[in-house]
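Some notes on the structure that comes next.
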Amino acid sequence: MAKKQQRQFVKFAELQCSKLAEINFEPVFKSFRKHYKLVPLEVFSVNPYDTLISTLLSSRTKDEVTFEASKRLFKKAPNLKKLCQLSELEIRNLIYPVGFYKTKAKYLTAIAGLHPAFIPKTRQELMKLPGVGRKTANLVLNRAFGIPAVAVDIHVHRISNLLGWVKTKKPEETEKELIKILPKKYWKDINRLFVSIGRQYTTTKKLVEFLGNEKLI
């Protein structure tokens, strides 16, 4: 029985390796770099605090709205210590009109109280923070700490499926599959590049046309 299971595992591993060998990721990343346009929130990737707060605010909110709200907040509270000195109402007024601004103000107040001096440096600790999910944690690790992580949002999810890299229904599933097949050297760039392309080509039809013109599908 053990030998049979071992043979099945070897066969499965060989199949996975053959699938991986068939995918040439470089043309996609080369094309996306060529057509890259700055994503507004990338200006906040200088330090962990800016990255965490702006990413948390960005949920269900247009980047342009998040950008302005983040600037207002950072002017009053450039670090966790200063953020801790603001009341929840003050934070709420500063970040309005981001989506769910009342709930996000509660999250920021709680985060400042829990970690008044530093931003956690591991996914597990980041995800313990109020309002911080896996995508936000991965973005902080990637952008602020330089730790390779695959941050999957709707753009990464949609484009990865259109390219045929994955066949998934949810971003969480896409992340798991990409981790299996995507070489680590691409992890730090996939979010910013795919988000930039997704922002430029806002419908599936436009995306398919772009990918076709670039001979990527």
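Throughout, read-outs are computed from the coordinates displayed, never taken from laboratory work. Remember, predicted model here, so these are calculated numbers, not experimental data. Because the Cβ atoms are built from the backbone with ideal geometry, glycine has one as well, and the counts that use them run over all protein chains shown.
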(request) Report ³J(HN,Hα) in whole Hz for each residue of the stretch 148-161, in order, from the Karplus equation J = 6.51 cos²θ - 1.76 cosθ + 1.60 where θ = phi - 60°; Gly and Pro get x. (result) x, 7, 9, 9, 10, 10, 5, 5, 4, 4, 5, 5, 4, 6
(request) May I ask you to derive the relative contact order of the chain, considering only C-alpha pairs under 8 Å and at least 6 residues apart, and to give it as an integer percent? (result) 20 percent
(request) Working from Cα positions, state the angle (0 to 90°, nearest 10) between the long axis of helix 48-58 and the longest principal axis of the chain. (result) 80 degrees
(message) Counting other beta carbons within 10 Å of each residue's own, what order do H35, H157 fall into, fewest first?
(response) H35, H157
(message) Quick check on packing: order 201-214, 60-73 by the mean number of other C-beta atoms within 10 Å, highest mean leading.
(response) 60-73, 201-214
(message) Taking only Cα atoms of the stretch 150-217, what ratio of Rg to Rh do you get with Rh as the Kirkwood inverse-distance radius?
(response) 0.94
(request) Measure nothing but the geometry: give the 0 to 90° angle between the long axis through the Cα atoms of 204-213 and the longest principal axis through the Cα atoms of the chain, rounded to 10°. (result) 50 degrees
(request) As a check on your grasp of the helix formula, calculate [θ] at 222 nm for the chain: sum -39500 (n - 2.57) over DSSP H runs of n ≥ 4, divide by the residue count, round to the nearest 500. (result) -18500 deg cm²/dmol
(request) Could you state the angle between the C-alpha long axis of helix 101-114 and the longest principal axis of the C-alpha atoms of the chain, as a value from 0 to 90 degrees rounded to the nearest 10? (result) 90 degrees
(request) With an 8 Å cut-off on Cα pairs and a minimum separation of 6 or more residues, tell me the relative contact order of the stretch 150-217 in percent. (result) 38 percent
